[in-house]
Each structure stands twice: as structure tokens, then as C-alpha cells.
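The block underneath contains the structure these notes are about, expressed in C-alpha cells.
The values are calculated or read from the model by the stated rules, or taken from the named source; none is laboratory data. Just so you know, these numbers come straight off a predicted model, no measurement behind them. We place every Cβ from the backbone using ideal geometry, glycine too, and count neighbours over all the protein chains shown.
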Ligand code: OOG
Ligand code: NI
């Protein structure tokens with residue numbers, strides 16, 4: 001039991017998410033423009049689709065949508081990653097999923113820190129996609145050693161951040177004043193620094209290795225590199241961006257436009273070229289620039305089962321065999337057309353997705369189920385067919401960076417992706433993290449099963465009372 005006087009971890013997360021949003025808005029004005037556009041589009045969708053509004057309201061997800069964000073950071077060392085895990089735990093965020101980005105030519109592997117469980121998610125689903133640099137993939141050995149030395153010397157958390165995290169762990173929570181300080185101190189870690197901690201020369205060597213290596217190693221901390229709001233209609237936001245002076249990528253990443261959204265669709269605008277100064281050996285500062293921060297928006301759909309995910313991956317693959325989207329967007333229309341053609345084999349009704357075992361759903365008693373009960377509590381399909389039980393899609397709360405490799409790549413510049421030898425290194429990642437990551441599929445399956453068990457319990461209780 002959490003001590004009642006402690007601030008709930010859900011509240012600390014909400015406060016942190018709001019503070020992060022305010023900071024990013026001040027740092028990257030285009031983010032504010034994007035937030036306004038998304039709010040406008042979402043309000044329009046809700047006005048035009050009262051059924052959607054009712055459904056979101058009934059499933060406790062209406063309020064969370066306008067608050068909803070995900071961010072991303074890239075860390076340099078195992079110590080930074082394990083400390084970040086402890087920090088996020090204070091906010092009720094836990095590592096879910098493992099992503100090996102080396103398969104997409106990016107020398108990092110990652111997890112997503114996010115709330116788990118229906119209640120925490122509906123309160124505030126703030127997530128942070130967190131990557132750890134794969135130093136072992138730096139081919140140049142001399143550079144690798146220098147990178148290790150630079151990273152070993154930096155401290156990405158303030159002293160107070162570390163103290164408050166320890167205090168939260170020891171006490172089992174934080175009281176109001178400490179919780180407020182905690183939010184402010186942790187925010188420092190995510191702040192942008194326009195003074196690099198390396199020389200221009202070193203920056204360029206890192207950059208030649210990989211843009212991302214330069215981004216992780218050259219700065220005092222892991223600046224948040226994007227903060228993504230959730231929209232109810234990504235096509236409308238994409239179409240509305242140019243009028244606001246924002247140039248989006250040519251195509252939306254992920255599945256095509258559908259009646260029943262699946263997984264995740266994302267689009268972004270290119271990273272900004274930002275002024276940065278570098279320190280030379282004689283102590284003087286020279287100016288240069290660095291490209292890291294970008295804007296992104298997303299639309300979320302139903303979480304897919306392993307079978308659904310395999311179908312999704314194969315259809316995406318098939319599409320890319322027909323048309324490979326080019327970096328300049330010149331064949332975007334062909335790609336979108338091929339994508340919608342291939343995805344015809346993915347059922348586009350909730351009934352069809354459920355019948356084929358492609359998605360995860362929660363089940364609950366209908367009015368009829370509550371009124372008259374049913375004699376066959378065990379057969380969930382029959383209960384659905386006869387109208388005693390309804391089902392609702394479970395929202396996908398995770399990421400697709402590899403199948404949408406465009407997000408990492410497009411923001412790193414358009415030069416060809418480097419090839420790294422792919423090796424699944426989940427155990428090494430977990431050793432660095434100091435914990436294992438939650439399996440996203442198991443987690444969705446457990447939410448689904450718990451809802452089925454609840455229905456059965458209620459129906460049996462009903463029978464017993466007759
Ligand atoms: C993270 C990219 C992954 C997403 O939405 O798939 C991500 C990064 O660029 O550091 O945020
Ligand atoms: Ni993202």
C-alpha cells in the first residue's frame with residue numbers, strides 16, 4: 001500500500017509530462033504549433049463523430065488523449081540507463097519491450113518506459129522511448145576508447161535528482177514538496193544544451209562514425225529529441241501541416257488509412273539545424289550546428305497479437321517490394337497506393353480482426369448481460385454473438401521503430417543507412433538496465449484475459465443468485 005500522504009506516482013508522471021511539454025514548447029516553437037493543430041483536428045473529429053466521443057468516454061480514454069505524449073532520449077552508458085529506470089519507476093513508468101535498432105542501421109537498442117495497467121494508462125500514458133548507445137558497434141577502436149572516457153566523465157543527473165530518487169525508493173514515495181522538486185530536478189536531464197562538451201574536431205570524428213553517436217556523446221545530457229502528441233486523424237494533421245509552415249515527411253509511416261486503426265501511424269517533420277558551440281583546447285568557443293530535434297505526431301490503433309503483428313510485418317514487407325519510398329518523397333503517391341492495396345488482406349472490421357485472432361480486446365458485460373445474465377459463462381464467443389458481452393480494442397501503447405525505420409533515418413539526414421550486423425542483444429540490454437523488460441504481447445494478453453475472467457465471474461455470480 002502506498003502511504004496516502006505520498007503524491008501518487010501517476011500524479012508525478014502527469015506533472016512531469018506537463019513540465020516537459022512546457023519546456024519543449026519554449027525550446028522548439030514549432031512543437032507548440034503542432035500541438036495547436038492536433039488539438040484542432042482532434043476537436044473536429046470528436047464533433048464529427050459523436051459515436052467515437054461516446055466510446056472514448058465509455059472506455060475512460062477521452063481525457064487522456066489531449067494529454068497524451070511520448071518523448072525519446074538516447075543514453076550513453078549502462079549506469080545512465082539503470083539510473084533512468086529508477087527515476088522513471090518513481091513516476092510509475094516501467095520498461096516495456098526490447099527494440100534492436102541495429103537492424104535498421106542505427107547503433108542503439110531500446111525500450112519504452114511507460115505506465116502499465118489500465119488505470120495508470122487512462123490517468124496519463126506518458127511514455128519515453130529510451131535508447132542505449134551500442135558502443136561495441138563503433139568500428140574504430142581508438143574512437144571507441146575515447147567515447148568511453150568522455151561518457152564516463154559526464155553526470156546527466158543533478159545531485160538532488162539522485163538524492164530524491166533514493167529517498168523515494170527508501171520511503172516508498174515522495175511527499176508534495178519533494179515530488180515538486182523531483183519533477184524540476186529530473187527535467188534538467190532532458191534539457192537542451194547549446195554548448196557541446198567536446199571539441200569540433202571530436203564532434204566531427206563522432207559524426208563520421210554515425211550522426212547518432214555524435215548526438216549521444218557530444219553533450220552534457222540526453223536532450224529530449226522529440227515530444228509526440230496523439231491525434232485522432234493523422235491524415236488531417238499531415239494535410240494541415242504545410243499551411244502552418246511545417247513541412248512533413250512525404251508519407252505517413254506504418255499501416256495505411258483504415259476504418260479500424262491498427263498499431264501506430266506516425267509522421268514527422270525534419271530535425272532542426274541548431275546552433276551549437278564547441279570548446280577548443282585553448283578554451284575558446286567556436287560556433288557550429290547540430291541536428292537532433294524533430295517533431296512527430298501519431299495516431300494509435302488496436303494492439304496486435306503475434307499473429308496480427310506477423311501479418312502486418314509481411315504486408316509492409318510486400319508493399320516495400322512493390323514500391324520503396326524514396327527519401328525525397330517523389331514516389332509517395334505510388335507507395336500509399338501499394339500500401340492500401342496490400343493491406344486489403346488485413347481485415348478491416350473489429351469483428352473480422354477479433355475472429356481471426358489478430359488483435360487484443362477487452363470484454364465487458366452489455367446491458368443485456370447485466371440484466372439477464374447467461375447460462376454459458378465459459379464461451380466468450382457465444383456470449384459476444386448473443387449480445388451478453390461486448391468487446392473493445394485495446395490501444396497499442398508501444399512503438400514500431402524498426403518497421404517504421406523511417407523515423408530514425410529521416411531525422412538523421414538522407415544519406416544511406418549504414419549496415420550493422422544485427423544481433424539480438426536483449427540480455428545485454430537488460431543487464432545494463434538492471435531489470436528485465438516486460439513482454440508487450442504478454443502484457444496485452446493478460447489485460448484481455450483479466451477482462452474475460454471478470455465477465456465470467458460476474459455471470460457466475462448472477463447464476464448463483466438466481
Ligand atoms: C527514437 C525514435 C523512436 C518512435 O516514435 O518510434 C520513436 C529516437 O529517434 O531517439 O520515438
Ligand atoms: Ni517517436
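Quick notes on this one:
Rundown of residues vs (1) farther than 19 Å from residue 17 by Cβ; (2) assigned to a loop (DSSP other than H, G, I, E, B); (3) in contact with a strand residue (DSSP E or B) (Cβ under 9 Å, 6 or more places away or on another chain); (4) in contact (Cβ under 8 Å) with a residue 40 or more places away in the chain, yes/no style:
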{"site": "122", "(1), (2), (3), (4)": "no, no, no, yes"}
{"site": "136", "(1), (2), (3), (4)": "yes, no, no, no"}
{"site": "151", "(1), (2), (3), (4)": "yes, no, yes, yes"}
{"site": "162", "(1), (2), (3), (4)": "yes, no, no, yes"}
{"site": "167", "(1), (2), (3), (4)": "yes, no, yes, no"}
{"site": "185", "(1), (2), (3), (4)": "no, no, no, no"}
{"site": "201", "(1), (2), (3), (4)": "yes, no, yes, no"}
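- Identity of the residue in the range 5-58, outside any helix (DSSP H, G or I) and closer than 20 Å to residue 115 by Cβ, that ends up nearest to the chain's Cα centre (by Cα): 8
- Within the range 201-217, considering residues that are away from ligand 1 (no atom under 14 Å from the Cβ) and surrounded by 22 or more Cβ atoms within 10 Å (Cβ to Cβ), the one nearest to residue 31 (Cα to Cα): 217
- Any pair with Cβ under 8 angstrom, 6 or more apart, that starts in the range 62-84 at a residue that is at positive phi and ends at one that is within 16 Å of ligand 2 (Cβ to nearest atom) and modelled with pLDDT of 95 or more: none
- Qualifying residue in the range 83-93 (condition: within 16 Å of ligand 2 (Cβ to nearest atom) and touching a strand residue (DSSP E or B) at 6+ places or on another chain (Cβ under 6 Å)): yes
- Filtered residue count, the range 1-26, keeping only those that are under 23 Å from residue 242 (Cα atoms) and buried (at least 16 other Cβ atoms within 10 Å of the Cβ): 3
- Taken together, the residues in the range 224-247 that are within 24 Å of residue 397 (Cβ to Cβ) and either within 14 Å of ligand 1 (Cβ to nearest atom) or in contact with a helix residue (DSSP H, G or I) (Cβ under 8 Å, 6 or more places away or on another chain) (or both) amount to 13.
- Residues satisfying the stated conditions in the range 253-265, i.e. in contact with a helix residue (DSSP H, G or I) (Cβ under 9 Å, 6 or more places away or on another chain), part of a strand (DSSP E or B) and modelled with pLDDT of 95 or more: 262, 265
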